[in-house]
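Report on the structure given below.
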Amino acid sequence: MLRVPANVTVLQLPAYSPELNPAENLWHYLKSHYWSNKSYADYDSLEAAAMSAWRTAVLNPELMKTVCSDKALKRATSN
């Protein structure tokens, strides 16, 4: 049985609900701002670009708040 601390709220989400997953917004942001319309010479180049974009995004708290906020998620948690 999963023990949930008192300060954590568990949301029961449908089995497949990407619109309620804030991380999906982050992936969309990274793809559209860093990875779209680019080609990479090899896997190492792709990996370096992915890690650089990831670091840039996650080290910017304001960007993370903006990108990962979602109206649908806010509606789901406000009930």
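Couple of notes before you dig in:
- Full extension of the chain between residue 46 and residue 23 gives 6.2 nm of extra length, using 0.36 nm per residue less the Cα-Cα distance.
- Among [x] 16.3; [y] 16.7; [z] 15.0, the entry derived from the coordinates for Kirkwood radius over Cα pairs in Å: [z]
- Integer Hz, Karplus 6.51/-1.76/1.60 couplings in order for the stretch 15-30, x for Gly and Pro: 4, 10, 9, x, 5, 9, 9, x, 5, 4, 5, 5, 4, 4, 4, 4
- Highest GNM mean-square fluctuation among 21, 60, 37, for the chain modelled with Cα contacts below 10 Å: 37.
- For the pair residue 54 and residue 15 in one chain, pulling the backbone fully straight at 0.36 nm per residue adds 11.4 nm over the alpha carbon distance.
We did not get these values from a lab; they are worked out from the coordinates using the rules stated. These numbers were taken from a predicted model, which means no experiment stands behind them.
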